[in-house]
1. Which FRET efficiency value, to the nearest 0.05, is calculated for R303 and R138 with the Förster distance at 35 angstrom and r the Cβ-Cβ distance?
2. Please find the FRET efficiency linking A204 to T238, where r is the Cβ-Cβ separation and R0 is fixed at 41 Å, and quote it to the nearest 0.05.
3. How about region 224-318: which GluC sites (Glu not before Pro) there lie in a loop by DSSP and see at most 15 other Cβ atoms within 10 Å?
4. Taking region 203-255, which trypsin sites (Lys or Arg not before Pro) meet the DSSP loop condition and have no more than 16 other C-beta atoms within 10 Å?
5. Could you tell me whether region 174-231 comes out rounded, prolate or oblate from its Cα gyration tensor? Rule is a ≥ b ≥ c as square roots of the eigenvalues, rounded for a/c under 1.5, then prolate if a/b exceeds b/c, otherwise oblate.
6. Label R102 and T125 with points 7 Å out from Cα along Cα→Cβ: what is the distance between them in nm?
7. Test of understanding: what is the full-extension gain from A37 to A290, defined as 0.36 nm times their sequence separation minus their Cα-Cα distance?
Amino acid sequence: MTVIVILACLAIAGAELYMARSAREMANRLKKLEAIARVHDQRIQAMTGGTAPAGTTAPITTSPSSTSPRSTAPDRTDTTGSGAADTAAQLARLAAETTRLRDRLEGLEEARDTERRLYARVDGTVESLERMVGEVLRHTIGQLEEAVARSLGGLPADLDPDSGTVRGVLCGAASVSPDPLIRAYERCARDTGLRIRFQAPRAAAPWHARYYLAGKDPRELERDFLALLGGARSPSGTPAQAAFDGLLSTLGDLPSGFAQIGPMVAVRVPEALLCGVLTLAETRDFDAEAFVAEPAALAGRLRGLPAERVRDQTTDQTMPAPPNGSGPGPDLSAAPRP
C-alpha cells in the first residue's frame, strides 16, 4: 500500500511538471514568431506606404540644372524601373515569408489550444487521483488504527502476523537533517523484531513521521523494552541493545525531538534525554503527535512514570523514586511478566 501511494504521488508530480514545461515552451515560441511577424508587417507597410524603413537612406537626386535633359532622362527612367522591380520583388518575398509565418502561428495557436484541452483533461485526472489517494490513505490508516486497538486489547500474537500492530512516531528539529534519526529509528524497530507495515506521509511543520509497526505481541514488546531500558549504555553484544542505544544516542545529538516505538517513548529536550516504557493501557491512550509542537510536555509526562519505567539518559541514572518509596528500584533487565 505504501508503494501505491508513493507511485501515485510521483505520477501527480510528474504530470504537473511536464505540463508546466510544455506550456512555457509553447508560450516562448509564440512570442518569438509574433515578434518576427510584427517586424515583417512594419517593413511591408513602410514599402507600400512610400516611406523607407528605419535604418535606410533616401536616394540622392541631382538638380535638373546640373545636367542636360538629353543626358539624364534615360538614366532616370532606367533607375526608376529597376528600383520599382527591386521593391516589388522584395515585397513579394516579404509577403510570402509573412504568409508562412502566419501559417506557423496559426498552427501553433491550434497546438496551444489542443494542449490547453489536454491540460484540462490531465488536470481533472490529477484531481481525481489526488482524491483517490486521499481516500486510500484514510482507509489504510483507519484499518491500521483498528489493528492497533485490537493489538493493545491483548489479542494473542499467533492469530495473525499483523495482529501485533503498534504505533510509532518520530519527530526531529527542523534545523537538522532527519536522515540519521530515521536510520537509527528504523534500525531499532527492525532489531527489536518489528517491521514497518505502513508509513504515513511525513509532515513538515514541525517535521514528524507516523509509522505502523507489526511483528511482535505488544506485551512481549513491553517486556523487551523494559529489559533494553535497564541495559541502556551497558556493554552488550545483542543487536537489539546496540540499536536501542544507537537511537538514544542519535536523539541525544539533537536540540529537541522524540521517538515512539509502541510502548517505548524517548524525548530530547534542552536539559534532558528521557526514555520511558508505557503500560499497554497507557500506550493505547497515548497520542504522541499531540506533543509534536511541545516536546517539553512529553518530558513532563515521562517524569511522572514509575521509577522502574523511566530513565534519564542525560546522567545515565534511573529517575528517583517517589518520596514515599524506599530502597533502590528493581532490576529492569528482568521485568516481571504481566
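1. 0.50
2. Given R0 = 41 Å and the Cβ-Cβ separation, E is 0.70.
3. Answer by residue number: E271.
4. Hits after loop and neighbour filter: R233.
5. prolate
6. Placing both labels 7 Å along Cα→Cβ, they lie 3.7 nm apart.
7. 84.8 nm
We did not get these values from a lab; they are worked out from the coordinates using the rules stated. Note that the coordinates shown come from a computational prediction; the quantities given were computed from them, not determined experimentally. Neighbour counts are summed over all protein chains in view; Cβ atoms, including those assigned to glycine, are modelled from backbone coordinates with ideal geometry.
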